[in-house]
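Taking it in order: structure first as structure tokens, then the write-up.
A short reminder: the numbers here are calculations on the coordinates, not readings from a lab. None of the values given here were measured: they were computed from a predicted structure. Here the Cβ is made from the backbone with ideal geometry for all residues, glycine too, and neighbour counts use every protein chain on show.
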Amino acid sequence: MLTKAKALYQVKLILDYLPEEEYRQIPQEMIDYIEENLEYDENITINPNIPLEEQKIDSQTYKILEKIVEETEKESKKVYNDEIAMYVKKVKESNQEFDTNMENIKLKKLIDLLQKENKKIPKAKDLLQEYKSQLKTKDKEIIELKNQNEELKNMLNKIPRVIKKIFIK
């Protein structure tokens, strides 16, 4: 069984043979920790041409590798979740723009409708003015008719007096 420092050296050798894309996924803090705390041992070697299962790998090295895998997965999930959050934010923003556009379309339709209705107002004013003038004319005619009625009534009232006067003399 290797010491922790030598197990870290064995881990470092394994990590050095990873493809660069996979190596970049490992959190930098973890790589720094390994490099700062490892102890070089010339008896520890890794052959990249032989699968790890067939090489002499210490159990402590496997535990450290498992921790690295866990941390890498956490980081990947975090990055993935951040990407999802950014996507959701972007979708929400575009939906707000869509909602704003829809609101603007609705407002434009309302404005068009109001403008159409406003065009009817002068016609209604003209009709109302005409109605008022007709009412004034009717009122004048009624007053005139009343006056004529009064005159006739007065005349009729005078006729019997005249007839009475004629018969009385």
| request: Consider residue 41 carefully, then state whether it is within 30 Å of residue 26 (Cβ to Cβ), among the acidic types (Asp, Glu) and outside any helix (DSSP H, G or I). | output: yes
| note | Flagged in the stretch 29-46 as loosely packed, with under 11 Cβ neighbours inside 10 Å, closer than 16 Å to residue 9 by Cβ and either free of Cβ contacts under 8 Å to residues at least 12 places away in the same chain or among the hydrophobic types (A, V, I, L, M, F, W, C) (or both), in numbering order, are 32, 36, 42, 43
| task | Test residue 26 against the criterion of being surrounded by 14 or more Cβ atoms within 10 Å (Cβ to Cβ) and within 16 Å of residue 7 (Cβ to Cβ), and give yes or no. | result | no
| request: Scan the stretch 56-74 and give yes if some residue there is among the polar types (S, T, N, Q) and without any contact (Cβ under 8 Å) to a residue 12 or more places away in the chain, otherwise no. | output: no
| message | Yes or no: the stretch 73-86 includes at least one residue that is of a type in the set (Val, Ile, Thr) and surrounded by 10 or more Cβ atoms within 10 Å (Cβ to Cβ). | response | yes
| query | Does the stretch 61-68 include one or more residues that are out of contact with any Cys (no Cβ under 7 Å at 6 or more places or on another chain) and more than 30 Å from residue 44 (Cα to Cα)? | reply | no
| Residues within the stretch 2-30 that are over 25 Å from residue 77 (Cα atoms) and not in a helix (DSSP H, G or I), tallied | 2
| remark: Counted residues in the stretch 33-74 being closer than 12 Å to residue 5 by Cβ and polar (S, T, N, Q) come to 3
